[in-house]
Amino acid sequence: MVNVLILGANGQLARNTTRVFLRDTDAKLTLYLRRASRLRNPDPGRVRIVEGDVLERAALEAAMKGQDVVYANLAGAMKAQAEFIVSAMRASNVRRLIFISSMGIYGEVPGERYQSVLDPYRDSAAVIEASDLDYTLLRPGWFTHDREVRYELTQKGEPFKGHDVSLDSLSDLIVKLATTQGMESRKSLGVSRG
């Protein structure tokens, strides 16, 4: 059994991935978000909800105690959030991080120029990649809501393929990364419909 801390737990992808964790694994989940009242606990026997901001170091470190995996699905001040996550993980001796970024941060999407809109994603990815953590960065395409689980991975430096991917596909990949030791460790993966 794996203990997973989900940062930004009220996000669309995080809520979907929580459902997949509960359906497909025996993982215990800690859902971390700024306003806990926004979530209803889907399984009090396996899920704990914690109110806190990623930029509150003491609260973040407390939530990391006893965790095996941190899955971060954030927006906003992403570089600062990445710095706090890396620091808190080191202090808490948690090694495994799955961090959601965006396609296009390396200019890898053929024919697209996203420029400054992706700066927060680029900057946070650089912080994660410079860390000594066992990380996997995910750079998904646009989310779709179809139920098909089908995706293709591209490595950093390879052209991104496609422009979209289903939430269920991403959740399937996140759960596999969280429950399979060493899978795609220290990699930055583009994720699109296969």
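Yes or no: residue 35 within 14 Å of residue 7 (Cα to Cα) and of a type in the set (Lys, Arg)? Explain how you work it out, then say what you get.
Working: within 14 Å of residue 7 (Cα to Cα): yes; of a type in the set (Lys, Arg): yes.
Yes: the conditions hold for residue 35.
Collect the residues in the range 81-111 that are part of a loop (DSSP other than H, G, I, E, B), modelled with pLDDT of 95 or more and crowded, with 24+ Cβ neighbours inside 10 Å, keeping them in residue-number order.
Hit for the range 81-111 is 101, nothing else.
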Residue pairs meeting the criteria (Cβ under 8 Å; at least 6 apart or on separate chains; first on the phi < 0 side of the Ramachandran plot, in the range 64-77; second among the charged types (D, E, K, R) and assigned to a strand (DSSP E or B)): 68/96; 69/96; 70/96
Matching residues, the range 112-136, being hydroxyl-bearing (Ser, Thr, Tyr) and part of a loop (DSSP other than H, G, I, E, B): 114, 131
Candidate set: the range 52-61, residues that are touching a residue at least 12 places away in the same chain (Cβ under 8 Å) and either out of contact with any strand residue (DSSP E or B) (no Cβ under 7 Å at 6 or more places or on another chain) or aliphatic (A, V, I, L, M) (or both); chosen: the one surrounded by the fewest Cβ atoms within 10 Å (Cβ to Cβ): 57
Test: residue in the range 171-191 that is at pLDDT below 95, farther than 27 Å from residue 22 by Cβ and surrounded by 16 or more Cβ atoms within 10 Å (Cβ to Cβ): no
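For (1) of a type outside the set (Ser, Thr, Tyr); (2) free of Cβ contacts under 8 Å to residues at least 24 places away in the same chain; (3) out of contact with any helix residue (DSSP H, G or I) (no Cβ under 9 Å at 6 or more places or on another chain); (4) more than 25 Å from residue 69 (Cα to Cα), each residue gets a yes or a no:
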site: 121; (1), (2), (3), (4): no, no, no, no
site: 153; (1), (2), (3), (4): yes, no, no, no
site: 156; (1), (2), (3), (4): yes, no, no, no
site: 162; (1), (2), (3), (4): yes, no, yes, yes
site: 171; (1), (2), (3), (4): no, no, no, no
site: 176; (1), (2), (3), (4): yes, yes, yes, no
Some residue of the range 1-13 being in contact with a Lys or Arg (Cβ under 8 Å, 6 or more places away or on another chain) and at pLDDT below 95: yes
The range 57-79: number of residues that are in contact with a Leu (Cβ under 9 Å, 6 or more places away or on another chain), closer than 15 Å to residue 101 by Cβ and either in a helix (DSSP H, G or I) or acidic (Asp, Glu) (or both): 0
Search result, residues across the range 26-56 that are within 17 Å of residue 98 (Cα to Cα) and not charged (D, E, K, R): 27, 29, 30, 31, 32, 33, 54
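The values are calculated or read from the model by the stated rules, or taken from the named source; none is laboratory data. Bear in mind the structure is a predicted one, so any value in this text is a computation, not a measurement. Every residue, glycine among them, receives a Cβ derived from its backbone with ideal geometry; neighbour counts consider all protein chains shown.
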